[in-house]
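First comes the structure, then the notes that go with it.
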Amino acid sequence: MAARVRPWPGTRDVAHVVALDQQGPPPVALLRSWLNDLRTEGYTSVRTGATAPTHRGPYDALGFTTIQQLALLRARLSEVAHRPRRASAEPEVRLRRARAGELVVLAAIDRAAFPAGWSLDAAAIAEAAGATPSQLVRVARTRHGTAVGYAVTGRAGRASFLQRLAVRPDAQGRGVGMALVDDAMRWARRRRSTTMVVNTQHDNDAALSLYRRAGFQLLREELVVLERSLDAPL
């Protein structure tokens, strides 16, 4: 089993480790080896990506603790396929495919939309976009060219994933988020996806309300982000 490692966005000494085998967590011995290697490389702590409760075992065994809880929602695309297309409440906002050179612009939107320590930088957005065999990165811009929101959508087989959605605070409440969600669903349906999954902070009432209005249903399962200090060898 292999893992992808990069600094947590906005930091240099916190490692973000994502196991590449999504079928199960790394064995305890392998995870311990990764942590010791990361400590040698100068990292002071390590965080996981969004992790299912059934994959927590090895992390709990090595002393990881929960630092964020994420609600998980799913939409059955056939059940929302015939809704009328929503126009943004801000008529001058238009959606188009983002260009590779715009990742820095998208990262600025992300910093404005998410709390410090939880936003994505340009590299992390590119990583999210490359996590599935096919993907769409869409940006919302005003007629004056100001970027006010973006969404990253991915597809693997019949499953699709709304991997990131961010809207600048000064553009929220104008229908930009809903326009991006509907656009993502249309893209996924055209590629024969049957479901779409999204996660958000379990206490993010605004995001939960948006996704429910878009046709997502809250699942019992929650995801967690885990962290462990690397202050001593394991």
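The values are calculated or read from the model by the stated rules, or taken from the named source; none is laboratory data. The structure presented is a predicted model; accordingly, all values stated were derived computationally and were not measured. Heads up, the Cβs are rebuilt from the backbone with ideal geometry, glycines too, and the neighbour counts pull from every protein chain shown.
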Notebook entry, point to check: Within the bounds of segment 109-131, is there any residue that is touching a Phe, Trp or Tyr at 6+ places or on another chain (Cβ under 8 Å) and closer than 18 Å to Met185 by Cβ?
Noted result: no
Next item on the list: Kindly list, by first and then second residue, each pair from a residue in segment 4-17 that is among the acidic types (Asp, Glu) to a residue that is surrounded by 14 or more Cβ atoms within 10 Å (Cβ to Cβ), limited to pairs with Cβ atoms under 8 Å and residues at least 6 apart or on different chains.
Entry: Asp13/Pro7; Asp13/Tyr43; Asp13/Thr44; Asp13/Ser45
Check: For Arg220, which of the numbered conditions (1) of a type outside the set (Asp, Glu); (2) modelled with pLDDT under 95; (3) touching a strand residue (DSSP E or B) at 6+ places or on another chain (Cβ under 9 Å); (4) part of a loop (DSSP other than H, G, I, E, B) fails to hold?
Finding: (4)
Notebook entry, point to check: Quick one: how many residues across segment 158-177 are under 23 Å from Ala50 (Cα atoms), surrounded by 15 or more Cβ atoms within 10 Å (Cβ to Cβ) and of a type outside the set (A, V, I, L, M)?
Noted result: 5
Notebook entry, point to check: Can you tell me which residues in segment 111-155 are in a helix (DSSP H, G or I) and of a type in the set (Val, Ile, Thr)?
Noted result: Ile125
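Taking Leu103, is it crowded, with 18+ Cβ neighbours inside 10 Å and free of Cβ contacts under 8 Å to residues at least 40 places away in the same chain?
Numbers: crowded, with 18+ Cβ neighbours inside 10 Å: yes; free of Cβ contacts under 8 Å to residues at least 40 places away in the same chain: yes.
Yes: the conditions hold for Leu103.
Let me confirm something: among Arg189, Arg212, which residue is in contact (Cβ under 8 Å) with a residue 60 or more places away in the chain, assigned by TED's automatic domain parsing to the domain that holds Ala126, part of a helix (DSSP H, G or I) and surrounded by 16 or more Cβ atoms within 10 Å (Cβ to Cβ)?
On the way: Arg212 fails: surrounded by 16 or more Cβ atoms within 10 Å (Cβ to Cβ).
Only one candidate passes the filter, namely Arg189.
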Check: Between residues in segment 119-147 that are touching a residue at least 12 places away in the same chain (Cβ under 8 Å) and of a type outside the set (A, V, I, L, M, F, W, C) and residues that are buried (at least 19 other Cβ atoms within 10 Å of the Cβ) and in a loop (DSSP other than H, G, I, E, B), which pairs lie under 6 Å by C-beta distance while being six or more apart or on different chains?
Finding: Asp121/Pro9; Thr142/Val93
Next item on the list: Report the residue count in segment 156-170 for those that are over 14 Å from Leu77 (Cβ atoms) and outside any loop (DSSP other than H, G, I, E, B).
Entry: 8
